[in-house]
Amino acid sequence: MAGRCRPLPLPVASAIVVQNREVLLVKRKFDPYKGMWCLPSGFAETGERIEAATLRELKEETGIKGKIIDFICADSIYNKVYGDLIFITYEVEWIGDDLKAGDDAAEVQFFPLQEIPPLAFESNMKAVNRFIFS
C-alpha cells in the first residue's frame, strides 16, 4: 500500500524479580486495567535502551534498584487500548533500596509462583511461564 504507514509497535519493558520462589507484582493504580496485577513494566522512552527502561520502570513502580540477570522473552501483541506492543521481559535481581509502591502502582507484593493472580497483560503471564519452565 503505497503512501500508508502503520504505526510502529510500542516497546514495553518488563521485569521478573523472584525471591524465595515468589514473583514481584504491582497492582495498577490507574486505568486501563486499574486494580489488576502485572509485572513491573512500562513504555520505553525515545532513545532509551530497553534494559535501562526495565530498570527505570522497576524503580519507579516498586522503589527498588535492580540488575539485569537474563533476557526472558519478547512477545508481540495487539492491545485494544494501546495498539501494537512488544513486551520485552528480563529477569532482574533486587540489589538495593526498600520495596514500596510508587508511580502508578497502588500496591507491590510478592506472590508464590504457583499462586499468581490474573494479570493485566497476557504477555506478562507468558513471560512468567517461560521463566518458570525454562
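Positive contributions from Lys and Arg (+1) and negative ones from Asp and Glu (-1), summed over other residues with Cβ under 13 Å from the Cβ of residue 80, come out at -3. Quick one: if the Förster radius is 30 Å, what FRET efficiency do residue 36 and residue 93 give, using the C-beta to C-beta distance and rounding to 0.05? Between residue 36 and residue 93 the formula returns 0.75. Every Cα-Cα pair in the chain was counted, and those over 21 Å apart are 36% of them. Phi angles of region 8-20 translate, via the Karplus equation with coefficients 6.51, -1.76, 1.60 and θ = phi - 60°, into HN-Hα couplings of 5, x, 7, x, 10, 9, 10, 10, 10, 10, 10, 9, 6 Hz per residue; Gly and Pro are given as x. Sequence-ordered 3J(HN,Hα) estimates for region 119-131 from the Karplus curve with 6.51, -1.76 and 1.60 and θ = phi - 60° stand at 9, 4, 10, 4, 4, 5, 5, 4, 5, 4, 4, 4, 4 Hz, glycine and proline given as x. Taking the 1.4 Å solvent-accessible surface of the chain as the whole, the part contributed by carbon and sulfur is 52%. Surface exposure of the chain, expressed per residue as accessible area with a 1.4 Å probe, stands at 57 Å².
The values are calculated or read from the model by the stated rules, or taken from the named source; none is laboratory data. Worth saying up front: this structure is predicted, and the values here are computed from it rather than measured. Methodologically, a virtual Cβ is constructed for each residue, glycine included, from the backbone with ideal geometry; neighbour enumeration extends over all protein chains shown. Keep in mind that these areas ignore ligands, DNA and RNA; they rest on the heavy atoms of the full protein, side chains included. Shrake-Rupley method; radii C 1.70, N 1.55, O 1.52, S 1.80 Å.
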